[in-house]
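Peer 1: Below you'll find the structure I mean.
The values are calculated or read from the model by the stated rules, or taken from the named source; none is laboratory data. Because the structure is predicted, anything quoted here is derived from the model rather than measured. No Cβ is skipped: glycine too gets one built from the backbone with ideal geometry, and neighbour counts run over all protein chains shown.
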Amino acid sequence: MSLFEAIIIAIVEGVTEFLPISSTGHMIITSALLGDNLHKQEFTKLFEVSIQLGAILAVVVLYWKKFFDFKRWQFYVKLIAAVIPALALGFIFSDKIDQLLESPLTVAITLLLGGFVLLFIDKVFQHGTIDKEEHLPYKNAIIIGVWQCIAMIPGVSRSAASIIGGMQQNLTRRLAAEFSFFLAVPTMAAATLYSLLFKTWKENGVESKGYEIILSSNQNLQSFIAGNLVAFIVAILAIKFFIGFLQKHGFRWFGWYRIVAGIVLLILIWQGVIGR
């Protein structure tokens, strides 16, 4: 992976991570378009997970008062409770998820299906009454965490799944989006640290830990650092945009975008521009 490819993928990650359009799906599409089999390389898959560190930091910086108010310990307990389902299922189905990460066809199908869901979701959940995180019961937080697990299928969108889960649990649009951002921090931190420190990757026939692959060459290290920096900056801008847009327009436009993106991707696969 070149530095240019790393920056392009990081921009895509920063823009899409917190929007309900699937960051993983868009990174798979981007890496597939950038080069032959780039999206199937071990370092690319590791990179696409590890640059989530930058996106996580964007949430912590924007909501630093919430994350560092240690007197409100209930906030941390709710996040821990909500992230447990994803941690358990992610560990159990890790290998299967890795296989799906190589499949643009899976992304195309889930983009389409998710798009149709977003077209009507505003009408299904119109009047959320829970408007502050302090009023969110622990049970509801766990259920939102279960919804988030649907996003283990590439193209579904972690953000969309957790926001819809929040609205289904009677949260307002704004709080559902913000709680999705909060939940992203432990979820993505766990996935990233597991990929860097514990998961075994097979790069060029050699089994290595994620951090060993990153440190194995200056090019990999530069891509990792640049990718996280770019993802951090772009994610801050994306989060600010998304909250305002969601309040005014809801999910409908994101639904249409997903449908168009899914159709375009299916055409690209059918024409052989992108492999299945």
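Peer 1: Does Ser159 satisfy being part of a helix (DSSP H, G or I) and among the polar types (S, T, N, Q)? Walk me through it before giving the result.
Peer 2: Working: part of a helix (DSSP H, G or I): yes; among the polar types (S, T, N, Q): yes.
So Ser159 passes the test.
Peer 1: Moving on to the next point. Kindly indicate the residue of the stretch 191-210 that is in a helix (DSSP H, G or I) and not aromatic (Phe, Trp, Tyr) and also nearest to Gln148 (Cα to Cα) among those meeting that condition. Outline the logic, then answer.
Peer 2: Narrowing the stretch 191-210 to residues in a helix (DSSP H, G or I): 191-198, 210.
Then drop every residue that is not not aromatic (Phe, Trp, Tyr), which leaves 191-193, 195-197, 210.
Numbers: Ala191: 13, Thr192: 16, Leu193: 19, Ser195: 19, Leu196: 22, Leu197: 24, Gly210: 25 Å.
Checked the stretch 191-210; the qualifying residue nearest to Gln148 (Cα to Cα) is Ala191.
Peer 1: Might you let me know whether the stretch 211-226 holds any residue that is out of contact with any Cys (no Cβ under 7 Å at 6 or more places or on another chain), outside any helix (DSSP H, G or I), under 30 Å from Ile164 (Cβ atoms) and small (Gly, Ala, Ser)?
Peer 2: Residues of the stretch 211-226 that are out of contact with any Cys (no Cβ under 7 Å at 6 or more places or on another chain), as a first pass: 211-226.
With the extra rule that they be outside any helix (DSSP H, G or I), the set shrinks to 216-217.
Still in the running and under 30 Å from Ile164 (Cβ atoms): none.
Checked against the condition, which is being out of contact with any Cys (no Cβ under 7 Å at 6 or more places or on another chain), outside any helix (DSSP H, G or I), under 30 Å from Ile164 (Cβ atoms) and small (Gly, Ala, Ser), the stretch 211-226 yields no hits at all.
Peer 1: Sticking with this one: Among the residues of the stretch 162-177, write down those that are buried (at least 24 other Cβ atoms within 10 Å of the Cβ) and outside any helix (DSSP H, G or I).
Peer 2: Leu171
Peer 1: Residue check: is Glu5 at pLDDT 85 or above, surrounded by 17 or more Cβ atoms within 10 Å (Cβ to Cβ), acidic (Asp, Glu) and within 16 Å of Val107 (Cβ to Cβ)?
Peer 2: Details: at pLDDT 85 or above: yes; surrounded by 17 or more Cβ atoms within 10 Å (Cβ to Cβ): yes; acidic (Asp, Glu): yes; within 16 Å of Val107 (Cβ to Cβ): no.
Criteria not met by Glu5.
Peer 1: Looking at the stretch 246-269, which of its residues are more than 16 Å from Met27 (Cα to Cα) and modelled with pLDDT under 85?
Peer 2: Matches in the stretch 246-269: Leu246, Gln247, Lys248, His249, Gly250.
Peer 1: For the stretch 30-74: of the residues being under 28 Å from Gly145 (Cβ atoms) and touching a strand residue (DSSP E or B) at 6+ places or on another chain (Cβ under 9 Å), which is surrounded by the fewest Cβ atoms within 10 Å (Cβ to Cβ)?
Peer 2: Looking at residues that are under 28 Å from Gly145 (Cβ atoms) and touching a strand residue (DSSP E or B) at 6+ places or on another chain (Cβ under 9 Å), I get Lys45.
Peer 1: Taking the stretch 130-152, which residues are in contact (Cβ under 8 Å) with a residue 12 or more places away in the chain and either surrounded by fewer than 21 Cβ atoms within 10 Å (Cβ to Cβ) or polar (S, T, N, Q) (or both)?
Peer 2: Scanning the stretch 130-152 gives Ile130, Asp131, Lys132, Glu133, Glu134, Tyr138, Asn140, Ile142, Ile143, Val146, Gln148, Met152.
Peer 1: Within the stretch 75-95, take every residue that is surrounded by 11 or more Cβ atoms within 10 Å (Cβ to Cβ) and more than 15 Å from Gln148 (Cα to Cα) and give me the one that is modelled with the lowest pLDDT.
Peer 2: Selected residue: Ser94.
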